[in-house]
Structures are given as C-alpha cells and as structure tokens.
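The values are calculated or read from the model by the stated rules, or taken from the named source; none is laboratory data. Just so it is clear, the structure is predicted and the values come from calculations on it, not from any experiment. Here Cβ is always computed from backbone atoms with ideal geometry, including for glycine, and neighbour counts include all displayed protein chains.
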Amino acid sequence: MTRSRREGRRSAETAIGERFEFSTTGRILFGAGVVGEAPAIARAHGRRVLLVTGREAARSARLVEALRRAGLDVATRAAVSEPTIDDVRDHTRHARESSRDLVIAMGGGSAIDTGKSVAALLGNGGDPLDYIEIVGRGRPLERPSTPFIAIPTTAGTGTEVTRNAVLVSRAHGVKASLRGPFMLPAAALVDPDLLRDSPPSIIAASGLDALSQLIEPFVCKRANPATDALCRDGLARSARSLRRAHGCDLAAAVRADLALASLFGGLGLANAGLGAVHGFAAPIGGRFAAPHGLVCAALLPSVMEINIQALRTRASREGGVARYREIACILTGRSNAAPEDGVTWVRDLTRELGVPRLASFGVSSADIPALVERAKAASSMRANPVRLTDEELAEILEGSL
C-alpha cells in the first residue's frame, strides 16, 4: 500500500465514529424553477412580508408580484452592499414599525445576511451590538427568529444554510457575526436558473468563495464524515464547471454544479468550520473596500501552501497532508497528484479568472502586523488544521499582496 493511501485510510478511520452534530435550514428545496414555490411556502409562515433584495431590486419583481397574488402584503428593502450594523438597524426599525411577521431575502450573500439579521432581531429585540461577537456584547439569541426564507441568486456564500450573518462594523474596522442556531432559515430555495444572468465577474468571485468554503471545512480540525462527503462532491463540481461558467457557458448542468457547490460549502462550514482564509477575510473586509469572495480567492493559494508546509513540519494532525493530497487529486483529475499540485491548480485558476491581489484593495506590507493580530482572534481561525505562527500568518499575507 502506498504512503498516500495509508495516510488517507488513517485519516478516514480517525473521522469515522467521532461524535458530531449536523444542523441546517428547516427545509431545502433545490432545482430549476423552485423559486415558483415561494408564495406557498411564505403563506405557511406569515402574511406581512419584508422582502430584502440585492442591489438590482428589479430581479425580484416577479417574486413580489407572485407573493402579492398569493394575498401577501409585501414591503421591499434593498441591500446595496455588504451589510453594516447601521444597515441592519435601519431595516429592522422599518420592519418593526410596519409589523412584518415574515422576512424573505432574494439576492446574494449581502441580502441574505441582512435578512437573517433582521429576522433574528425581530424575534429577540434589542440592538445588533447586544448579540454580535468580538465587537459587541455577545449575548446569545435566546428566542427563535421571525420566520425567514432565503432565495440565493448567486452561488458562493452558502449563507442560506448557515447559522450566522456577517456584518461590517465601520467603527471597529472589522467584520463580525451574529450567530446562533435560531438564525437557521425556515426554508431555502436554491434555484440554479437564477444564475442565468450572472456576469462573469460575479461568477468568478462567488464561485471561488464557494471553492474556499469546500476546501477549508474538508481540511479543518472539526471535519466529519457528513461534511467530508458534501465537500468532496462540491469540489468535483467546482473543478469541472468554474472555468466553463466564467467563459460564459451557463448551461443547465453548469448552473446546477455551481449552485450545489455553494450549497454544499455552506453546509460544510456550518457543521465543521473554516480556517485561515476566512480568519483573514474578516479583518481585511472590515478595514478595506474589498469584496469578500475576491479576498478569499486572493488568500486561498497562499493559505493552502503555508498550511501544507506547517503540517509537514510539525505533523500536528494525523493525515492532514493527505487531505490536501485528496483535494489535489479531485481538482486536477490525476490520481497521483501531490498536495502542492492542488495549490498550483488553485493559483492558476485565480489568475485565469482575473482575481486581483490584495494590494489592489489598498492592503500593504505595513498593514500586515495589525491584520495578523486581528486574524488570530477570528473565530474561523480556531478550526484551521494547524496552529500557525505569527511569521506563517504574515507569510500568507505577503504571498497574497
């Protein structure tokens, strides 16, 4: 038996039988056209709807019409950028004053995280800073959210199946989460047809975000057999479809691959964890005007490279390098791929898809010490497969500038 097979078998044997929990959205509907089922699902949860849309609110016009035909009172609000604490306060105030009893979000991760936050605050009262981690008081959300339905129109964040929402605190220069089991949506409608009009730039940013959210849960300290299965399948779908989609091939099979890869990444991160990519993405996104998906894409090759080196040097996790070897085999399609081949594949993909370096967002070498300190405090960093030194964390940033 080869060394790589022995390592892979030991890793699998370690995982099987471990205790784990798997929680997700109350109901997941996947498939072309499932957005048409939104009115019936909505009627089962409420009558006075707050619909949070993305920047292009016109994309939700058909849904608004369908909800109103079903007898629902619909008020709309747009999430035009990554949500800030002030944005959520404003939307929540509007929802309370107009007595909304159901929140629906149709859009990308910003719209869905906004909707999740509003629903949580409607159900629990108070201010975002009462509950938000790191920069707030961190109180638990003790009561169920107002019913919330998520309808993603991009394929990247997977937030339709996670128990947190990421908010920007401009005052603190950081992103932090509202978090808790009550934030899981009542339903998620994942319709690949909604990707049909996505421009290549959005496909690239969201698809690479999804890729990072498949790789990190697969290698992280809390990986389990359920998330492993989802991540393996999602990685194969990303590998065969991301380039095609960026090249304007949005055939039905490609759309389904991207939507499922995003969904499976969300399920993976919610039930296993993430790592250094997202540990850095939070402080970078809080301090710089940098889209989350592109930040993750810029960081991913260097994080993979440094993690592999650290695992080999310190052997801190049995089979850890074997996980990166398996990723490389899936991405390259070669059964004899080395872990570093996966790094090369991802680095080549980010170049081909035109991912900018961190320096293009204003990040410089002078920012590295502060970003390292903030990243070490991020919740995502705790699940990284190996504890990285300050020097290794700085090397990741230098390699991504």
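Miscellaneous remarks
- The set of residues from the range 342-388 being assigned to a loop (DSSP other than H, G, I, E, B) and in contact with a His (Cβ under 9 Å, 6 or more places away or on another chain) comprises LEU353, GLY354, ALA378.
- Lone qualifier among ASP257, ASP348 - being in contact with a Lys or Arg (Cβ under 9 Å, 6 or more places away or on another chain) and free of Cβ contacts under 8 Å to residues at least 40 places away in the same chain: ASP257
- Any hit, the range 101-109, residues being loosely packed, with under 15 Cβ neighbours inside 10 Å and under 30 Å from ARG196 (Cα atoms): no
Per-residue answers, yes or no, for (1) under 14 Å from SER177 (Cβ atoms); (2) in contact with an Asp or Glu (Cβ under 9 Å, 6 or more places away or on another chain):
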{"site": "ALA79", "(1), (2)": "no, yes"}
{"site": "PRO83", "(1), (2)": "yes, yes"}
{"site": "ARG96", "(1), (2)": "no, no"}
{"site": "ARG100", "(1), (2)": "no, yes"}
{"site": "ALA105", "(1), (2)": "no, yes"}
{"site": "ILE112", "(1), (2)": "yes, yes"}
{"site": "GLY115", "(1), (2)": "no, no"}
{"site": "ALA120", "(1), (2)": "yes, no"}
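- LEU189 passes every criterion in (1) modelled with pLDDT under 95; (2) more than 16 Å from the chain's Cα centre (by Cα); (3) of a type in the set (A, V, I, L, M) apart from (1).
- GLY125 over 24 Å from the mean Cα position of the chain (by Cα) and on the phi > 0 side of the Ramachandran plot: yes
- Applying a threshold of 6 Å to beta carbon distances and a minimum spacing of six or more residues, or different chains, the list of pairs starting in the range 364-380 at a residue that is not assigned by TED's automatic domain parsing to the domain that holds GLY138 and ending at one that is of a type in the set (Phe, Trp, Tyr) and part of a helix (DSSP H, G or I) reads ALA375/PHE280.
- Residues (under 19 Å from GLY293 (Cβ atoms) and at pLDDT below 95) located in the range 363-378: ALA375, ALA378
- Test: residue in the range 190-207 that is surrounded by fewer than 24 Cβ atoms within 10 Å (Cβ to Cβ), hydroxyl-bearing (Ser, Thr, Tyr), under 23 Å from LEU29 (Cα atoms) and out of contact with any His (no Cβ under 8 Å at 6 or more places or on another chain): yes
- Tally of residues being in a helix (DSSP H, G or I) and either touching a residue at least 40 places away in the same chain (Cβ under 8 Å) or in contact with a Leu (Cβ under 8 Å, 6 or more places away or on another chain) (or both) across the range 310-331: 13
- Close pairs (6 angstrom Cβ cut-off, 6 or more residues apart or separate chains): among the charged types (D, E, K, R) in the range 276-299, surrounded by fewer than 24 Cβ atoms within 10 Å (Cβ to Cβ) anywhere: ARG287/GLY173
- Put simply, of SER262, SER212, SER206, SER238 the only residue that is at pLDDT below 95, within 28 Å of ARG323 (Cβ to Cβ), among the hydroxyl-bearing types (Ser, Thr, Tyr) and not assigned by TED's automatic domain parsing to the domain that holds ALA42 is SER206.
- Contact map, the range 218-230: first residue aliphatic (A, V, I, L, M), second residue surrounded by 18 or more Cβ atoms within 10 Å (Cβ to Cβ) and in a helix (DSSP H, G or I), Cβ cut-off under 6 Å, separation 6 or more or different chains; pairs are VAL219/ARG323; LEU230/PHE264; LEU230/LEU267; LEU230/GLY268.
- Criterion applied to ALA79, ALA42, ALA105 was being touching a Ser or Thr at 6+ places or on another chain (Cβ under 6 Å) and closer than 26 Å to VAL166 by Cα, and the one residue passing it is ALA79.
- Of the criteria (1) among the β-branched types (Val, Ile, Thr); (2) under 14 Å from ALA281 (Cβ atoms); (3) free of Cβ contacts under 8 Å to residues at least 12 places away in the same chain, which one ILE396 fails: (3)
- Being modelled with pLDDT under 95, in contact with a helix residue (DSSP H, G or I) (Cβ under 6 Å, 6 or more places away or on another chain), more than 30 Å from GLU391 (Cα to Cα) and not in a loop (DSSP other than H, G, I, E, B) holds for only one residue in ALA245, ALA256, and it is ALA245.
- Qualifying residue in the range 326-342 (condition: closer than 19 Å to LEU242 by Cβ, hydroxyl-bearing (Ser, Thr, Tyr) and crowded, with 17+ Cβ neighbours inside 10 Å): no
- Selection status of ASP73, of a type in the set (Asp, Glu) and in contact (Cβ under 8 Å) with a residue 40 or more places away in the chain: no
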